[in-house]
1. Under 15 Å from the Cβ of Cys34, count the other residues' Cβ atoms, weight Lys and Arg +1, Asp and Glu -1, and hand me the total.
2. If you bin the C-alpha pair distances of the range 21-97 every 5 Å from 0, what whole percents do you get?
3. Students often forget the sequence filter, so: which aspartates and glutamates lie under 15 Å Cα-Cα from Lys60 once same-chain residues fewer than 8 apart are removed?
4. Under 18 Å from a point 7 Å along the Cα-to-Cβ line of Asp69: which residues of the range 24-53 have their amide N that close?
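A short reminder: the numbers here are calculations on the coordinates, not readings from a lab. Quick caveat: nothing in here was measured; it's all calculated off a predicted structure. Every residue, glycine as well, gets a Cβ built from its backbone with ideal geometry; the counts of neighbours run over all protein chains shown.
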Amino acid sequence: MKKIVAVVMFMALVSGAALAEAGSWTGWINDAKCGAKVDAACAKKCAEAGEKMVFVTADKTVIAIANQDAIKGHEGHHVTLKGNLDKGTLTVTSVEMVKEPATK
């Protein structure tokens, strides 16, 4: 019986770890208060006031960021983040600024 419980617990642990998705995403760093409504000046002001930062994808999906220190200094920036997405929260491993297209 103990072996069966141990196997079931191990399988639950392994399947839970498999749900975490490692990858790369491009979007904007914004404050949680404004969510998908990206405004760089507002995001910087809110960050200074202690508001949590979030990641906003091109399709306006708002994703919580677990490790706020990883994105410090990128408030309002268009970036590519690498990291792990688990249960709707992104743990960032690297941040790279995205070059904006030249305007005519």
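1. Result for the local shell: +1.
2. Taking every Cα pair in the range 21-97, the percentages come to 3, 20, 32, 28, 13, 3, 0.
3. Here the aspartates and glutamates satisfying the reach criterion relative to Lys60 are Asp31, Asp39.
4. Backbone N within reach: 48, 50-53.
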